[in-house]
Structure formats: C-alpha cells, structure tokens
Amino acid sequence: MAMPPETKSDCEYSDSCDFFVTIMASVPQFSANIQGKYCHADFRDCARYAYAKQHGKGCVPEDLFPNASHF
Ligand code: SF4
C-alpha cells in the first residue's frame, strides 16, 4: 500500500531542519516530542519556522528552539 502524501500539517522543513542534526542529536527522545508538537502539527507556532520564513532558512540561529528559547 502506498504511503499517504505529506499532509498540510507537516512543516516544509521537516526533512531538512538543522535543529535535529545539531542541538537535538544527543537527545533523540526529545526530538520525537518536538516533532510531534511542531514539525508534524503546529509548525506555524515554531520560532525556527517563523525565523526561516522571515530571514531565510540558512539564517536560523543553530540554538533557537521551536518554543523560542535558546540553548
Ligand atoms: S523545528 Fe520548526 S522549522 Fe524545524 S522542521 Fe520543526 S517546525 Fe519546521
């Protein structure tokens, strides 16, 4: 059976977001929680998403968390 197409609730950056290969790489258990809350649901509430939309994806601070806090 074919996989369903990407839903509109998925962030367009969910396959390439640097956050999960840098800051969150050592704590994958928290990555799943964040992805469930933001990347595959309320991505419009994500500070990284908003920053990327305003300044460009390559300009997002590495340590900016989706909830707008910094590491
Ligand atoms: S952390 Fe934010 S910008 Fe990155 S994939 Fe998730 S919702 Fe998108």
Take the residues in the range 24-46 that are in contact with a Phe, Trp or Tyr (Cβ under 7 Å, 6 or more places away or on another chain) and of a type outside the set (Ser, Thr, Tyr), then tell me which one is nearest to Ser69 (Cα to Cα). Cys46
Filter the range 11-36 for residues that are of a type in the set (S, T, N, Q), over 10 Å from the mean Cα position of the chain (by Cα) and part of a loop (DSSP other than H, G, I, E, B); which is nearest to the ligand (Cβ to nearest atom)? Thr22
In the range 49-71, what count of residues is obtained for those that are under 12 Å from the mean Cα position of the chain (by Cα), in a helix (DSSP H, G or I) and modelled with pLDDT of 95 or more? 4
Checking the structure you have, find out if any residue of the range 20-29 is surrounded by fewer than 15 Cβ atoms within 10 Å (Cβ to Cβ) and at pLDDT 95 or above. no
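The values are calculated or read from the model by the stated rules, or taken from the named source; none is laboratory data. These numbers were taken from a predicted model, which means no experiment stands behind them. Positions of Cβ are backbone-derived with ideal geometry, glycine not excepted, and every protein chain shown enters the neighbour counts.
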